[in-house]
Amino acid sequence: MSYIKPKFRHPSLPKNALGVTIADYDGAISTLCAGCGHDSISAAIRSACFLSSIPPHRIAKLSGIGCSSKMPTYFLGKSHGFNSVHGRMPSVATGASLANRELTYIGISGDGDTASIGMGQFIHLIRRNVNMTYIVANNGCYGLTKGQDSATADLGSISKNGGTNPFDGIDLASLALLQGASFVARSFSGDKEQLEPLIRAAMAHNGFAFIDVVSPCVTFNNQAGSTKSYAHTREHLDAMPLDYVPLRDEIRTQYEPGTIQSVTLHDGSVIHLHKAGADYRTDDRNAAIAAARAAHDEGRILTGLLFLDPNSQDLNQNLKLASKPLNALGKDELCPGSKVLSSINEGLR
């Protein structure tokens with residue numbers, strides 16, 4: 001195995017609308033286990049940012065603790081980054097988003113980081129509709145500490161040491177739907193064709209966009225009996241294919257009438273969805289909750305865009321905060337003087 005990432009790139013690499021190649025979105029070489037699903041997620045994020053032509057220096061990567069939270073090192077090496085303490089990434093993301101609403105925020109977390117120690121912060125992130133993309137690399141175990149079951153491990157799933165999980169797992173996608181998240185999706189790390197457009201759509205969404213990605217742990221949770229293994233996931237996948245089409249590109253129309261639902265996002269882009277069923281609507285929260293529950297009861301893993309609120313208002317809009325980043329405000333705007341302060345105080349009496 002090579003531990004040196006070559007800097008040479010083919011001179012004919014395709015360029016995006018910014019005139020840069022995908023090499024400009026590279027990160028450091030991964031130190032995760034060979035075959036780890038997390039590396040596929042990193043590759044999908046890198047590709048999604050390139051295809052959406054987002055300048056790397058206008059992206060902020062945030063994470064907590066765990067195998068998943070090491071991932072931001074492995075993509076977008078020219079972006080901002082903050083590795084917070086365990087389960088506290090949402091607080092950092094909220095503060096950063098309020099200080100500068102012009103950056104694209106990508107939060108990377110794991111099932112342990114989100115569904116256990118970070119659960120409280122995760123819920124409030126949804127409630128406040130912070131404008132960010134939040135990706136959970138969900139492998140159902142604590143890979144960094146030898147594979148103990150996490151809170152998302154399914155009831156009856158068998159761990160590497162032979163133990164059977166006696167508890168029902170937390171379904172983070174269903175939880176996000178119940179708590180009012182304005183964009184909820186689920187995918188599989190091994191399904192690049194589905195995951196990549198989902199990430200692009202999430203980054204274009206105005207508000208909190210959550211993607212739960214089943215990402216098998218090849219070292220501690222890939223054995224027979226595990227419900228988060230590659231084999232089990234592939235056998236039980238119930239995917240809703242989709243495509244993401246920026247407005248500046250031609251919208252494809254080769255799909256059969258009645259099988260596509262188009263949704264215009266706030267940045268003017270459009271996503272085209274293939275419905276799982278004839279009556280499935282991505283703007284119906286109750287239907288999404290019912291579909292996720294039905295799939296769970298039948299032992300299937302429903303993936304794709306589960307719900308989208310096209311009229312979402314993010315935290316900055318709800319609080320009517322300054323439209324300019326704080327670091328772009330001048331002295332007079334930051335310190336308007338005693339007269340303005342007195343006027344504010346008078347208005348509160």
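Structure data summary
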{"item": "Flag if N161 is part of a loop (DSSP other than H, G, I, E, B), surrounded by fewer than 24 Cβ atoms within 10 Å (Cβ to Cβ), in contact with a helix residue (DSSP H, G or I) (Cβ under 7 Å, 6 or more places away or on another chain) and among the polar types (S, T, N, Q)", "result": "no"}
{"item": "Condition check for I123: open to solvent by less than 10 Å² (accessible area, probe 1.4 Å), within 16 Å of the chain's Cα centre (by Cα) and not basic (K, R)", "result": "no"}
{"item": "Yes/no for T219 being modelled with pLDDT of 90 or more, open to solvent by 30 Å² or more (accessible area, probe 1.4 Å) and in a loop (DSSP other than H, G, I, E, B)", "result": "yes"}
{"item": "Scan of region 1-32 for residues that are in contact with a Ser or Thr (Cβ under 6 Å, 6 or more places away or on another chain) and not small (G, A, S), ordered by number", "result": "L13, K15, N16, L18"}
{"item": "Qualifying positions in region 296-349 - assigned to a helix (DSSP H, G or I), open to solvent by 80 Å² or more (accessible area, probe 1.4 Å) and either touching a residue at least 12 places away in the same chain (Cβ under 8 Å) or in contact with a helix residue (DSSP H, G or I) (Cβ under 9 Å, 6 or more places away or on another chain) (or both)", "result": "N318, L326, N327, L334"}
{"item": "Enumeration of residues in region 68-81 that are closer than 22 Å to G143 by Cβ and open to solvent by 40 Å² or more (accessible area, probe 1.4 Å)", "result": "K70, T73, G81"}
{"item": "Matching residues in region 77-107 - criterion: being out of contact with any Gly (no Cβ under 7 Å at 6 or more places or on another chain), among the small types (G, A, S) and not in a helix (DSSP H, G or I)", "result": "S79, G81, G107"}
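Yes or no, residue by residue, for (1) of a type outside the set (F, W, Y); (2) in contact with a His (Cβ under 8 Å, 6 or more places away or on another chain); (3) under 23 Å from I126 (Cβ atoms); (4) without any contact (Cβ under 8 Å) to a residue 12 or more places away in the chain:
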| position | (1), (2), (3), (4) |
| --- | --- |
| N16 | yes, no, no, no |
| G27 | yes, no, no, no |
| L32 | yes, yes, no, no |
| G35 | yes, no, no, no |
| R46 | yes, no, no, no |
| L62 | yes, no, yes, no |
| S69 | yes, no, yes, no |
| K78 | yes, yes, no, no |
| V92 | yes, no, yes, no |
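The values are calculated or read from the model by the stated rules, or taken from the named source; none is laboratory data. Because the structure is a prediction, the values reported are computed rather than measured. Every residue, glycine as well, gets a Cβ built from its backbone with ideal geometry; the counts of neighbours run over all protein chains shown. Accessible surface is based on the protein model in full, side chains and every heavy atom, while ligands, DNA and RNA are left aside. Shrake-Rupley method; radii C 1.70, N 1.55, O 1.52, S 1.80 Å.
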